[in-house]
Amino acid sequence: MAGPLEGIRIIEMAGIGPGPFCGMMLADHGAEVIRVDRPGRPAPEPVLGRSRKSIVVDLKSPEGVRVVRDLAHSAHGFFEGLRPGVMERLGLGPEVLLADNPALVYGRMTGWGQTGPYAQAAGHDINYIALAGALHAYGRAGDKPTPPINMVGDFGGGGMLLAFAMTAAILSAERTGRGQVIDCAMTEGAALLMGMIWGFRGLGAWADRRGVNMLDTGAHFYDSYECADGAFISIGSIEPQFYAELRRLTGLESDPDFDAQMDQARWPALKEKLAALFRTRPRDHWCRLMEMTDVCFAPVLSMAEAPEHPHNVARGSFGEVGGMVQPMPAPRYSATPTTTPLPQPLPGADTEALLESLGYDAARIAALRAAGALGR
């Protein structure tokens, strides 16, 4: 894989969701990411597992633990997403691996973090964003909190943040020769993604209630609307010039009710007017009228539709890997472009080649297999 992280080796302890997403981000951008799979465990979800190498290791065997230590000794970074203390019990905690390789960056990602009253509790994205004060903000006025799938805790505040932290800490280690441990808590990542909203709240510009603010579906000019055919469009006409264009193209330019854009008391009634208007025509009509204008408009596309939209086609935003349509690596680089991802490997597909790269000879590899250290 080409990209700005070419030449960086990362060891990934196999997991689900945010861990594979972190590995995907690092691999997409050129790092050599080696996933340590457990015997008998299925491969992760195929999109998040792309562009990896895989080695199967039995971590219950001393020989298997030695293999992982040797891999970590050869690497710039190592990350895991198990409950606090599990890696220490396996003999693969940060004290051991950083003693072997003082420049190693050791990433740890959990929902609650390595310390604190919740540290050992089970949880999922919905719980992490709830404790972070984020879930409370998602939803419409008068309705219950609505989780945005698991985008905010698992991926934005978890996997993406850990990929950033791994890269930052590797840069530091390259400069100083000193590795370190990263404690990436999805609760804190989810809270961080709310940074601007915390700023608005501190300025008195955000009510701590759902669906009454400018960006949370409270405003008539920042929302999605249903069309005559049951499809939806999105409107984001915040700035006065964009709002004026919305009014002009929808024929509302002369309606005085829309003059006071920022009068929050009028927002519900204006939203009803816009909703009624947009329901009079199908989505294609509104696209022909407002797409690629300064309204700040886009159709709400399904996953089936998005890869076929002309803009996404022109940019190659989606592609097919291993027979599966999926998003392509992002963002784009001018000097170190990324390449099309590789399909996810079968667990253990690279076991012998990786061991040989560590200096293991055929007899030693055979002995490891006989001992069950590489699975059976």
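The values are calculated or read from the model by the stated rules, or taken from the named source; none is laboratory data. What you are looking at is a predicted structure, and each value in this text was computed from that prediction instead of being measured. In this analysis, Cβ positions are derived from the backbone assuming ideal geometry, glycine residues included, and neighbour counts consider all displayed protein chains. The area values use the complete protein model at the heavy-atom level, side chains included, leaving out ligands, DNA and RNA. Shrake-Rupley method; radii C 1.70, N 1.55, O 1.52, S 1.80 Å.
Summary of computed values
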quantity: Selection status of residue 122, touching a Gly at 6+ places or on another chain (Cβ under 9 Å) and either without any contact (Cβ under 8 Å) to a residue 12 or more places away in the chain or of a type outside the set (S, T, N, Q) (or both); calculated: yes
quantity: Qualifying strands (runs of 3 or more DSSP E) (wholly inside region 220-333; at least 3 residues being over 30 Å from residue 45 (Cβ atoms)); calculated: 222-226, 232-236
quantity: Boolean, residue 49 is small (Gly, Ala, Ser), over 23 Å from residue 154 (Cα atoms), open to solvent by less than 10 Å² (accessible area, probe 1.4 Å) and touching a helix residue (DSSP H, G or I) at 6+ places or on another chain (Cβ under 9 Å); calculated: no
quantity: Check on residue 238, more than 26 Å from the chain's Cα centre (by Cα) and closer than 28 Å to residue 305 by Cα; calculated: yes
quantity: Pair list, Cβ under 9 Å, 6 or more apart: region 168-196 residue touching a residue at least 24 places away in the same chain (Cβ under 8 Å) and open to solvent by 30 Å² or more (accessible area, probe 1.4 Å), other residue in a strand (DSSP E or B) and of a type in the set (D, E, K, R); calculated: 181/108; 183/108
quantity: Candidates 331, 337, 347, filtered to the one that is open to solvent by 50 Å² or more (accessible area, probe 1.4 Å) and free of Cβ contacts under 8 Å to residues at least 40 places away in the same chain; calculated: 331
quantity: Candidate set from region 136-154 (those that are within 15 Å of residue 195 (Cα to Cα) and within 17 Å of the chain's Cα centre (by Cα)); member that is surrounded by the fewest Cβ atoms within 10 Å (Cβ to Cβ); calculated: 152
quantity: Residue 107 vs. criteria touching a strand residue (DSSP E or B) at 6+ places or on another chain (Cβ under 6 Å) and open to solvent by less than 40 Å² (accessible area, probe 1.4 Å); calculated: yes
quantity: Any chance residue 236 is within 29 Å of residue 134 (Cα to Cα), among the small types (Gly, Ala, Ser), open to solvent by less than 30 Å² (accessible area, probe 1.4 Å) and in contact with a Gly (Cβ under 8 Å, 6 or more places away or on another chain); calculated: no
quantity: Enumeration of residues in region 329-352 that are touching a Gly at 6+ places or on another chain (Cβ under 9 Å) and closer than 22 Å to residue 15 by Cα; calculated: 329, 341, 342, 343, 344, 345, 347, 348, 351
quantity: Breaking point among (1) exposed (fewer than 12 other Cβ atoms within 10 Å of the Cβ); (2) aliphatic (A, V, I, L, M); (3) assigned to a helix (DSSP H, G or I), for residue 354; calculated: (1)
quantity: Subset of region 197-213 that is of a type in the set (A, V, I, L, M, F, W, C) and surrounded by fewer than 17 Cβ atoms within 10 Å (Cβ to Cβ) - its residue that is nearest to residue 96 (Cα to Cα); calculated: 198
quantity: Of all residues in region 67-100 being β-branched (Val, Ile, Thr) and open to solvent by 20 Å² or more (accessible area, probe 1.4 Å), the one that is farthest from the chain's Cα centre (by Cα); calculated: 96
quantity: Test set (1) open to solvent by less than 50 Å² (accessible area, probe 1.4 Å); (2) under 23 Å from residue 141 (Cβ atoms) - residue 279 fails condition number; calculated: (1)
quantity: Members of region 335-366 found to be in contact with a strand residue (DSSP E or B) (Cβ under 6 Å, 6 or more places away or on another chain) and of a type in the set (Asp, Glu), listed by number; calculated: 350
quantity: Some residue of region 36-44 being open to solvent by 40 Å² or more (accessible area, probe 1.4 Å), closer than 22 Å to residue 111 by Cβ and in contact with a helix residue (DSSP H, G or I) (Cβ under 7 Å, 6 or more places away or on another chain); calculated: no
